[in-house]
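The values are calculated or read from the model by the stated rules, or taken from the named source; none is laboratory data. Computed from a prediction, not measured in an experiment: that's the story for all the values here. Here the Cβ is made from the backbone with ideal geometry for all residues, glycine too, and neighbour counts use every protein chain on show. SASA here: full protein model, heavy atoms, side chains in, ligands and nucleic acids out. Shrake-Rupley method; radii C 1.70, N 1.55, O 1.52, S 1.80 Å.
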Amino acid sequence: MEVIMIIIGIIVGLAAGYFLASTALKKSIEAKSAQIVKDAEAEGEVIKKDKILQAKEKFLQLKAEHEAHINERNQTIQVGENKIKQKEQSLNAKIEENQRKQKEVDTLKENLALQTEILQKKQLEVDKGHKRQLEQLEAISGLKSEEAKAQLVEALKNEAKTAALSHIKDTMDEAKLTANKEAKKIVIQTIQRVATEHAVENSVSVFNIENDEIKGRIIGREGRNIRALEAATGIEIIVDDTPEAIILSGFDPVRREIARLALHQLVTDGRIHPARIEEVVEKVKKQIEDEIVETGKRTTIDLGIHGLHPELIRMVGRMKYRSSYGQNLLQHSREVANLCAIMATELGLNVKVAKRAGLLHDIGKVPDDEPELPHAILGMKLAEKYKENAEVCNAIGAHHDEIEMTSLISPIVQVCDAISGARPGARREIAESYIKRLKDLEALALSYPGVLKTYAIQAGRELRVLVESEKISDKDSEQLSFDISQKIQTEMTYPGQIKITVIRETRAVNYAK
């Protein structure tokens, strides 16, 4: 029984403990829930205040922007209103001015009407007086007024004719006396007003190098590099004892420039061998061709000449690398163009046509194929081919009297060409004597037995003589060089000195297949 009571007590105690524990837990949970709700309400109030504050700031910002926009619009409207008021004031002033002028015009009309009426009355009185005088004159002379007019007109005609003939005779006499003087004056003024830069092209270019070690690299093993360069450019390359310099010799300035630029690129690059030489020379040729076209375009722009055919522009650019009797052809043509323009202005002719003809008058000297025709006729054919003006074509063809002149531009081009070439210092020597001296020099050396070919280079200052190795020995070459030099001294006249170089070469050629 006691055990049962103890068990019942334990059970009751456990139940009471469980009840008390559950009640305490429930109270704890309710307290935590209340605290969470309280914290949430507090955080909500904070967020609410932040949002209200942000909304107020946004509202104030939008309000400020709106007020600024309103102020800007008000200022724009105010400016527009001020402009309208100014225009209105200006318009009112103009209306008042027009009204004032209209009043003045009305006043003038009234005065003019009064003066016209007065003049009409006076004219009537004059007509009456004139009629009375005519009647009196007719009665005195016994002639009608028409007859008197006819006699007076006839007398005036005879007098005027006599005076006109006398004036014409005096004018012609004066023109004959002053024509020569005026012509000289025009030519002198034209020469004085043109001061084109003058340049003389030589047949030798000097390529400067940093040191003499580069000469060996340019020559190459057994001279293969220099031979490849000469074959690719067609220019004689002279590597002698001249310090830090290599001489490029040839009559074609374009080829000399190609050789010079190719040498510059090869030396700068450092790779010098036959294949590289051919590659660089081809590249430089393209660069020179582009430069020729650019020079032609720049020249036509400088002279104000438009509408030239592209091929003619290229030919104008090629003139930069050509010489006419030692005078640079492009500078000569520019000078002739300016002279023609000034002379045409003085004579009242078409300046553009004259300048065009002056620039193109020597294009026959720079064709690609160089046919056997006088350069004036060839230039005229080229101009006709590229649809140039008939006056320009005639001026080109007639500037050396190969064809008849048909326009006034032709003699102007001829005269200006002569003026440009005849200026002291413009040309170094007469072409005929220059060419004849070179031909005589080559013919003199060619007259010796065993001589295969001769070349006069460096403007006739050096003579290259190629001999047949089978007929001329090395010892004979020295004797031949001496004999030619002595014969030149005794038989020819020349400036400075002439170097005679006899070249004897033996080649053995085989092919590996």
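Tabulated results
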{"item": "Positions within the range 432-453 being modelled with pLDDT of 85 or more and hydroxyl-bearing (Ser, Thr, Tyr), in sequence order", "result": "447, 448"}
{"item": "Subset of the range 472-493 (residues that are of a type in the set (Asp, Glu) and surrounded by fewer than 11 Cβ atoms within 10 Å (Cβ to Cβ))", "result": "474, 491"}
{"item": "Residue satisfying all of: in the range 109-152; of a type in the set (A, V, I, L, M) and at pLDDT below 80; most open to solvent (accessible area, probe 1.4 Å) among these", "result": "140"}
{"item": "Test: residue in the range 455-468 that is in contact with a Pro (Cβ under 9 Å, 6 or more places away or on another chain), within 23 Å of residue 248 (Cα to Cα) and not β-branched (Val, Ile, Thr)", "result": "yes"}
{"item": "Qualifying residue in the range 84-106 (condition: modelled with pLDDT of 85 or more, of a type in the set (Val, Ile, Thr) and open to solvent by 100 Å² or more (accessible area, probe 1.4 Å))", "result": "yes"}
{"item": "Counted residues, the range 382-397 - those being open to solvent by less than 70 Å² (accessible area, probe 1.4 Å) and out of contact with any Lys or Arg (no Cβ under 6 Å at 6 or more places or on another chain)", "result": "9"}
{"item": "Residue that is free of Cβ contacts under 8 Å to residues at least 24 places away in the same chain, closer than 29 Å to residue 327 by Cα and acidic (Asp, Glu), where the choices are 257, 291, 311, 230", "result": "230"}
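Residue by residue, here is whether (1) of a type in the set (A, V, I, L, M, F, W, C); (2) at pLDDT below 80; (3) on the phi < 0 side of the Ramachandran plot holds:
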site: 2; (1), (2), (3): no, yes, yes
site: 6; (1), (2), (3): yes, no, yes
site: 10; (1), (2), (3): yes, no, yes
site: 21; (1), (2), (3): yes, yes, yes
site: 24; (1), (2), (3): yes, yes, yes
site: 32; (1), (2), (3): no, no, yes
site: 38; (1), (2), (3): no, no, yes
site: 42; (1), (2), (3): yes, no, yes
site: 45; (1), (2), (3): no, no, yes
